[in-house]
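Only one structure is covered here, and it is reproduced in the block below.
The values are calculated or read from the model by the stated rules, or taken from the named source; none is laboratory data. Fair warning: this is a prediction, and the values are worked out from it, not measured in the lab. Counting neighbours? That spans all protein chains shown, and the Cβs are built from the backbone with ideal geometry, glycine included. Surface areas here come from the heavy atoms of the whole protein model, side chains and all, with no ligands, DNA or RNA. Shrake-Rupley method; radii C 1.70, N 1.55, O 1.52, S 1.80 Å.
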Amino acid sequence: MGFEYLKDKHILLVDDEQELLDMVVSILKSDGYHNISTAKSAAEALSLAGKTEPELAVLDVMLPDGNGFDLMSRLKEKGDYPVLFLTARGEDDDKFRGFGLGADDYVVKPFLPKELLFRVAAILRRTYKEENPVVKLRGSEIDFARAEVVKNGEHILLTAKEYALLAALYRSAGKIVTIDALCEAAWGDNPFGYENSLMAHIRRIREKIEINPSQPVSLVTIRGLGYKLILEGK
Amino acid sequence: MKSVPKLIRRFVGILLLSSVLLITLNAALLVFIFSGYRANGSPWKTAEETATALQAAEDGYVLSETAGVQLRSQGAWAILIDNDTLKVVWHSDNLPDVVPMEYTVSDIADFTRGYISGYPTFPAGTDNGLVVVGYPQESFWKHMWPSWDYGLIAHAPRIMLWVAAVNLAVIFAIYVTVNTKVWKSVRPITNGIQALSTGDAVHVKEKGLLSEVAFHINRTSAVLQYQNNQLRKKETARANWIAGVSHDIRTPLSMVMGYADQLQRSEHLTEDDCKKAAVIVKQSERMRNLINDLNLASKLEYNMQPISVKQENTVAIVRQVAVDFINTDIDGKYPIEWLTGETLSVCMVSADRDLLKRAVSNLIQNCINHNENGCTIYVSVAAEKKECVIRVEDNGIGASDEQIDKLNTAPHYMVCDTNTTEQRHGLGLLIVKQIAAAHNGRTVIEHSRFGGFAVEIVLPFE
């Protein structure tokens with residue numbers, strides 16, 4: 001989907017177990033990330049962050065000279081970059097504490113390499129968005145920077161609701177997004193009773209992005225569950 | 001305690017009934033005793049009979065034999081006072097010497113009401129004079145001034161009723177006062193016993209009539225509190241032990257999983273070795289799930305899992321879980337069909353969102369775990385009268401009647417208090433049951449109409 005530029009991001013890994021650090025480095029490198037630093041303590045992490053500012057920090061909670069929550073607060077004083085906790089502490093209280101302090105994600109050990117890679121990529125994508133993303137569909141393009149659809153050379157403007165719905169669908173492109181999640185994206189919390197409005201908006205979006213709106217190929221319905229945005233070539 | 005006022009009411013009832021019975025019994029006894037005395041014959045009647053039996057004869061007066069016998073049998077004597085001379089003109093043979101033989105009108109008025117020389121006397125009039133029958137001294141007591149206010153006699157029934165009523169009221173007041181005092185000393189005791197049954201700590205003041213009972217209640221409370229604390233400590237230690245072990249195992253397992261996952265994709269290994277690595281990954285995942293399940297199950301079992309309940313739309317929650325599984329099922333081996341009615345978009349219940357998601361995930365994961373060759377999973381939410389029913393079922397291999405019966409009734413080994421080698425099924429269903437119970441709901445395990453296995457989570461709206 002054109003996110004190769006994210007592989008250059010500088011990732012700081014902090015964990016007191018060298019073997020785990022080695023393994024995570026190996027996982028990240030296997031996926032193309034090459035700018036990786038590692039630290040075995042909070043002090044070492046702060047020192048490294050002072051020299052080269054990381055663009056993502058992956059922290060353990062339990063460190064020999066402090067805890068990951070305090071380390072995150074101190075790292076955030078130096079620079080505003082995302083933090084992912086990778087820890088054996090799976091209690092809800094720990095998760096809530098981490099998120100409450102501003103963590104971007106929380107992965108509990110043990111984890112599958114694929115899961116860690118997905119989460120790292122998602123954080124980087126959210127944080128370091130590509131300028132003016134243009135999304136190619138079968139028969140049209142969505143230009144999010146201009147909030148418009150280009151179909152057959154014609155520029156069709158998107159309404160605010162259509163934009164919000166397409167953005168939510170694009171964030172999970174290729175996957176089903178539930179009716180409830182779409183209603184929440186367009187109408188905020190407690191989005192009950194908007195199902196008919198949602199269907200009307202989806203119909204209008206199809207008229208704008210589909211070549212044949214009555215037989216959609218880019219924005220498909222998954223009956224009873226939600227909708228899926230299918231990008232060109234996927 | 002609600003039974004105490006009831007007890008008092010019953011005692012008051014018994015008291016009132018006893019009072020009424022006592023009065024009736026007394027009245028009956030009085031009637032019986034007095035009627036017994038009346039049967040002996042009245043001295044006034046004897047006087048009348050003597051007067052009738054005393055006949056004038058040529059040489060004075062003669063008393064009939066019968067009347068004479070009657071007088072002697074009672075130890076009585078008789079005289080006849082002449083109307084004109086006021087002198088005794090006849091007397092019985094046994095007349096005491098102290099009895100005068102001449103009377104004034106004033107004397108007659110006196111002995112009519114009372115006595116002659118200490119002998120109780122009873123007069124009866126005849127044509128010729130006044131017959132007076134005298135009885136032995138101290139055989140009768142005579143009321144000398146037998147007169148009452150007319151109003152007193154006229155209102156006697158009402159007055160008696162009033163007296164009876166006042167008596168009853170006084171008895172009642174005494175009873176209530178005494179009972180109130182007893183109740184005041186009993187109340188802390190009953191409250192203490194009631195609090196004991198709820199497991200609260202109890203301290204009753206040890207004074208008054210029931211101080212000994214209070215002492216024993218306090219002692220029982222202390223023992224119960226101690227035992228509860230010990231039990232809680234044990235449960236906390238057990239849950240903490242499970243949490244600690246699962247924490248310590250996570251990091252090493254991460255490395256097993258991580259490296260095995262890399263190995264299974266390695267281009268340098270043979271296909272056979274890659275398969276072995278894949279088995280390690282799969283079994284590591286099972287261990288990870290087991291650790292997570294064990295931790296949650298023990299916390300739910302010992303009420304250590306914080307549950308934050310608020311109004312949630314179950315349709316949205318279940319739909320999200322279903323979609324999450326669809327989105328990760330890359331090879332389409334486990335398609336999910338959404339069978340919720342199109343008209344039902346909202347079904348609100350008080351629930352912990354994360355726990356409910358966990359329960360539904362466990363059910364879908366169960367379908368996947370038990371059907372290695374793939375199956376279709378059917379998910380639905382239905383709103384019934386007072387309940388919201390979440391149903392997850394499949395068309396897979398299913399289970400036998402016996403297995404389903406066991407799953408519905410036999411306790412899991414984690415919560416079973418007897419040694420058993422049978423209940424070694426996974427923790428997934430136990431957690432679903434625990435989560436349903438934590439929401440005051442229940443689970444129903446049965447055969448699916450699609451041929452496989454079906455589980456319902458039933459949650460009450462209230």
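Miscellaneous remarks
- Between B:GLU267, B:GLU301, B:GLU285, the distinction of being over 20 Å from A:ASP93 (Cβ atoms) and touching a helix residue (DSSP H, G or I) at 6+ places or on another chain (Cβ under 8 Å) belongs to B:GLU285 only.
- In the stretch A:18-28, the condition of being within 30 Å of B:ILE291 (Cα to Cα), away from every other protein chain (no Cβ under 14 Å), touching a strand residue (DSSP E or B) at 6+ places or on another chain (Cβ under 9 Å) and part of a helix (DSSP H, G or I) is met by no residue.
- Residues of the stretch B:134-166 satisfying the condition of being within 21 Å of B:THR24 (Cα to Cα) and either touching a residue at least 40 places away in the same chain (Cβ under 8 Å) or touching a strand residue (DSSP E or B) at 6+ places or on another chain (Cβ under 7 Å) (or both): B:ALA164
- Test: residue in the stretch A:198-213 that is within 14 Å of chain B (Cβ to nearest Cβ) and modelled with pLDDT under 95: yes
- Test: residue in the stretch A:155-169 that is at negative phi and within 14 Å of chain B (Cβ to nearest Cβ): yes
- If only residues of the stretch B:135-155 that are hydrophobic (A, V, I, L, M, F, W, C) and assigned to a loop (DSSP other than H, G, I, E, B) are counted, the one that is least open to solvent (accessible area, probe 1.4 Å) is B:MET144.
- Candidate set: the stretch B:258-286, residues that are in a helix (DSSP H, G or I) and β-branched (Val, Ile, Thr); chosen: the one nearest to the other protein chains (Cβ to nearest Cβ): B:VAL281
- Residue in the stretch B:105-121 that is part of a loop (DSSP other than H, G, I, E, B), of a type outside the set (S, T, N, Q) and open to solvent by 80 Å² or more (accessible area, probe 1.4 Å) present: no
- Of all residues in the stretch A:181-195 being within 11 Å of chain B (Cβ to nearest Cβ) and either over 19 Å from the mean Cα position of the chain (by Cα) or at pLDDT 95 or above (or both), the one that is least open to solvent (accessible area, probe 1.4 Å): A:CYS183
- Pairs are defined by a Cβ separation below 6 Å, a sequence spacing of at least 6 or placement on different chains, a first member in the stretch B:435-462 that is under 14 Å from B:LEU355 (Cα atoms) and free of Cβ contacts under 8 Å to residues at least 24 places away in the same chain, and a second member that is open to solvent by less than 10 Å² (accessible area, probe 1.4 Å) and of a type outside the set (A, V, I, L, M); no pair meets this definition.
- Condition met for B:SER350 (away from chain A (no Cβ under 11 Å) and of a type in the set (Ser, Thr, Tyr)): yes
- Residue, most open to solvent (accessible area, probe 1.4 Å), within the stretch B:76-91, restricted to residues that are over 14 Å from B:ASP127 (Cβ atoms) and in contact with a helix residue (DSSP H, G or I) (Cβ under 9 Å, 6 or more places away or on another chain): B:LEU86
- In the condition set (1) more than 8 Å from every other protein chain (Cβ to nearest Cβ); (2) of a type in the set (Gly, Ala, Ser); (3) assigned to a helix (DSSP H, G or I); (4) within 28 Å of B:ALA359 (Cα to Cα), B:ALA243 is compliant with all but (1).
- Residue match in the stretch B:317-339 (condition: more than 25 Å from B:ASN369 (Cβ to Cβ), open to solvent by 70 Å² or more (accessible area, probe 1.4 Å), outside any helix (DSSP H, G or I) and more than 10 Å from every other protein chain (Cβ to nearest Cβ)): no
- Qualifying residue in the stretch B:339-356 (condition: among the acidic types (Asp, Glu), at negative phi and in contact with a Phe, Trp or Tyr (Cβ under 8 Å, 6 or more places away or on another chain)): no
- Residue-level check: of (1) closer than 30 Å to B:GLY192 by Cα; (2) within 12 Å of chain A (Cβ to nearest Cβ); (3) not polar (S, T, N, Q), B:ARG219 misses just (2).
- Residue within the stretch B:361-382 that is within 14 Å of chain A (Cβ to nearest Cβ), in a helix (DSSP H, G or I) and touching a strand residue (DSSP E or B) at 6+ places or on another chain (Cβ under 8 Å) present: yes
- For the stretch A:88-118, the set of residues classified as in a helix (DSSP H, G or I), within 14 Å of chain B (Cβ to nearest Cβ) and touching a residue at least 24 places away in the same chain (Cβ under 8 Å) consists of A:ASP94, A:ARG97, A:PRO113, A:LEU116, A:LEU117, listed by residue number.
- Residues located in the stretch A:127-170, provided they are in a helix (DSSP H, G or I), in contact (Cβ under 8 Å) with a residue 40 or more places away in the chain and open to solvent by 20 Å² or more (accessible area, probe 1.4 Å): A:THR127, A:LYS161, A:TYR170
- Filter result for B:VAL132 (over 30 Å from B:LEU80 (Cα atoms) and surrounded by 12 or more Cβ atoms within 10 Å (Cβ to Cβ)): no
- Check on B:GLN305, under 30 Å from B:CYS388 (Cβ atoms), within 11 Å of chain A (Cβ to nearest Cβ), open to solvent by less than 80 Å² (accessible area, probe 1.4 Å) and not acidic (Asp, Glu): yes
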